[in-house]
Amino acid sequence: MSPLHLDSVLPEPDLHPAALCALLGSRALGLEMRKVGPLVQGLLCEHFREALRSCGRGAEGAVRVPMAYRLQASKDLKASILETMQPERMAFGVLASAPFAPALLDWPTPWQPLPDIEALTAALQAHQIQGALVERGFWEEPGTRARVEALQDRYAVAFLTFDSEANGSDIIVSRNRKGRLYLHGKSQVALEAFCFRAGLDRFLMQMEGRSEQWALGARHAWDEATQTIQTELTLLRRERVAQVKTSHDGLDFTAPPAARMEDLVGLDAQKSALLQAVEELKAWRPGDPRPTGGILLEGPPGTGKTQLIAAVAKASGLPCVLLSASQLQSMYWGETERRIRDLFEQAWRHAPSIIGLDEFEGLGMSRQIASQSEPGFVASIVTTLLTAMNASPGKPPVLVLGATNYAERVDPAFLRPGRFDQVLHVGFPSAEARRAFLKSHLPAEVLEDSLLDHLVRFTQHKSMAVVHRLIHESQQGVATTDPAMRLREALVTSLIGPPGESTLTVEEKHTVAVHEAGHALTSAALLGQVPFFLTIRPRADIALGLCLMEPTRPETGLDTARVKAELAVLLAGRAAERLLLPAREPSSGAASDLQKATSLAHRAISEWGMDPDWGLMSIEALPLEVRGVLSERLGHHLTAWLREAEVKVGDFLAANVAALMGLADALQRRQDLYREEIEELVGGRGWAIGGSIQV
């Protein structure tokens, strides 16, 4: 009798797809797809030898030579595989000339119709599908086959062709009377195998991520009619095991972030630099100079650094993962380092890819700073991250985008070329950016030109997060039905806090109203600036009243006249109290005004050289012992400046006492007054109120 050759029995093994997954999952986690074929042959040989020993002889002891060998999975094994693979989280595309949605038993994956090859490309770039069925007719179009094969190589997805005739297609379909396509019964196994093959990576990832162990058994049987040995794999045991290390193989490099470039207003220079780095990464080929390896975004909180990284990553169309430093940190020694290595191994596997690390100083803290607390622990993490970010010739390029609010805490070793090639500052938005953002997020009927100007001025040196919060509060307000008034209230709330309940008596409220009215009138006359908001209600840290002015100082700096006018405005509250409430003793309510006035006069005299008697000497440039000698002389000059402003503002208010009393009474009655209401009470910007004050 001639010996039995395994190659003749197993040239094309009749392998059930569930059995293939079970074999790979139980014995070969992490193998690449190109190694599956030889592995399966080897495993089949093992099962076949075992089957020959149990089924290779008949009743009389005669040797039975099988014509074929069939390996299949039991129902419980297939159900466990499907549960682990989670096919409901997958999706496949269908590129067909007619409606076609294959229905497979126990396979709930949705089928997404695609009208043309451009739609297929877009779905793959957005990582919306794990594979696609392509009607054979589309392959005949010029250039289509090459494009699909290029997509298959780039995104590592499976494609399956189908046709109504067996013209070399993988599966065969038929067309019903309504023009819909349906699947032939004999093509079910081929399509199911395609789905399993597309989901194999997910299966292996889930097996390792869940730390499961499977034990398989096999039952062998002889089919006399077909002269075939049949082996059925069964699931003997499925259990979870304790996992010492946390695997990051489940990091999703496929799901794109939700941020969009059009949502970011301003930051044009930063966008351009990031997109240029992405284009370099895409264009890189082996042998080319290494592209930009990393860019660090630094700046104050809320300026959009994290959102900018997410938007660029999405616009790139490349595999990306966005993490915060806390997601990689661990309290166990060596665990953070292992997670960093796992992260970069995943990135290299999906290269070209992007890694976004928020709060970067949490991982890349300066070792000099950390030497005061846990030098060994921090140094180990920093060294691991530095090594991973090195532009190694043997590794494909990966773009690392970091964000930090504390650039000074980042270890200097990260800032050399090859790691973070650039450090981009992301600061507060410009006036133009704030104006564009407000226009795009608020209804046109709400934004009068004057109100828009107020919003732009008051949000100076504010982050876009503060501006966004302002818009949100204006849309949530219920105090009034007027949208413009809601917006004003939201602005005031964002600046000085929500109003509280006043505990002042009627007399005390009148005193506060007189004080704030004095500030308002003097500002309108001397600075040409009507206050945006007056209040005598407590707000946050403000126990009494407030006169809210717009930040409209000249960009070219202050001159002497402007400084003396601002001094008069600061002292106008105390002067108004003395004028209208002569019997009331001075109180501590003007403490903040006096502090600001003293500070302003001090700088005007000793730093800005505005007092001719003092001269051009800057006291800040002198040694401490010299400053002490000059302090008494400086005090005389300060007193003279403050006394001059007090006298002149007192004369001004005395000449306009009627306007002062009217404004104070209205403020006491209403408690809050906005700019338009103040202008109505005092006659607008061009009122005549007894002349002007000479400063």
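Results, tabulated for the structure shown:
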item	result
Members of region 89-98 found to be touching a strand residue (DSSP E or B) at 6+ places or on another chain (Cβ under 9 Å) and not in a loop (DSSP other than H, G, I, E, B), listed by number	Phe92, Gly93, Val94, Leu95
Residues satisfying the stated conditions in region 606-639, i.e. open to solvent by 60 Å² or more (accessible area, probe 1.4 Å) and part of a helix (DSSP H, G or I)	Glu620, Ala621, Leu624, Glu625, Arg627, Val629, Ser631, Glu632, Arg633, His636, Thr639
Restricting region 547-558 to residues that are modelled with pLDDT of 80 or more and out of contact with any His (no Cβ under 9 Å at 6 or more places or on another chain), the residue that is surrounded by the most Cβ atoms within 10 Å (Cβ to Cβ)	Leu548
Condition check for Glu501: at pLDDT below 85 and either open to solvent by 50 Å² or more (accessible area, probe 1.4 Å) or assigned to a helix (DSSP H, G or I) (or both)	yes
Pick from region 357-414, criterion open to solvent by 50 Å² or more (accessible area, probe 1.4 Å) and under 22 Å from Lys305 (Cβ atoms), ranking: modelled with the lowest pLDDT	Ile369
In region 385-440, residue nearest to Ala351 (Cα to Cα) [restricted to those that are assigned to a strand (DSSP E or B) and of a type in the set (A, V, I, L, M, F, W, C)]	Val398
Residues satisfying the stated conditions in region 586-601, i.e. open to solvent by 50 Å² or more (accessible area, probe 1.4 Å) and part of a helix (DSSP H, G or I)	Ser588, Ala591, Ser592, Leu594, Gln595, Lys596, Thr598, Ser599
Only one of Ala568, Ala575, Ala561, Ala583 that is in a helix (DSSP H, G or I) and modelled with pLDDT under 90	Ala561
Subset tally (residues that are touching a strand residue (DSSP E or B) at 6+ places or on another chain (Cβ under 8 Å), of a type in the set (S, T, N, Q) and either open to solvent by less than 10 Å² (accessible area, probe 1.4 Å) or over 30 Å from Thr459 (Cβ atoms) (or both)) for region 282-338	2
Region 666-681 residues that are in contact (Cβ under 8 Å) with a residue 24 or more places away in the chain and farther than 21 Å from Leu452 by Cβ, paired with ones that are small (Gly, Ala, Ser) and open to solvent by 20 Å² or more (accessible area, probe 1.4 Å) (beta carbon under 7 Å, 6 or more apart)	none
Members of region 122-132 that are free of Cβ contacts under 8 Å to residues at least 60 places away in the same chain and either more than 10 Å from Gly317 (Cβ to Cβ) or open to solvent by less than 10 Å² (accessible area, probe 1.4 Å) (or both)	Ala123, Leu124, Gln128, Ile129, Ala132
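To keep it simple, each residue is scored yes or no on (1) of a type in the set (Asp, Glu); (2) within 17 Å of Phe194 (Cβ to Cβ); (3) modelled with pLDDT of 80 or more; (4) touching an Asp or Glu at 6+ places or on another chain (Cβ under 9 Å).
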residue	(1), (2), (3), (4)
Ala119	no, no, yes, no
Gly137	no, no, no, yes
Glu140	yes, no, no, no
Thr144	no, no, no, no
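The values are calculated or read from the model by the stated rules, or taken from the named source; none is laboratory data. Everything quoted here is computed from the prediction, not taken from an experiment. Glycine also receives a Cβ, built like all others from the backbone with ideal geometry; neighbour counts cover every protein chain displayed. The protein model used for the area step is the full one, side chains on, heavy atoms only, and it has no ligands, DNA or RNA in it. Shrake-Rupley method; radii C 1.70, N 1.55, O 1.52, S 1.80 Å.
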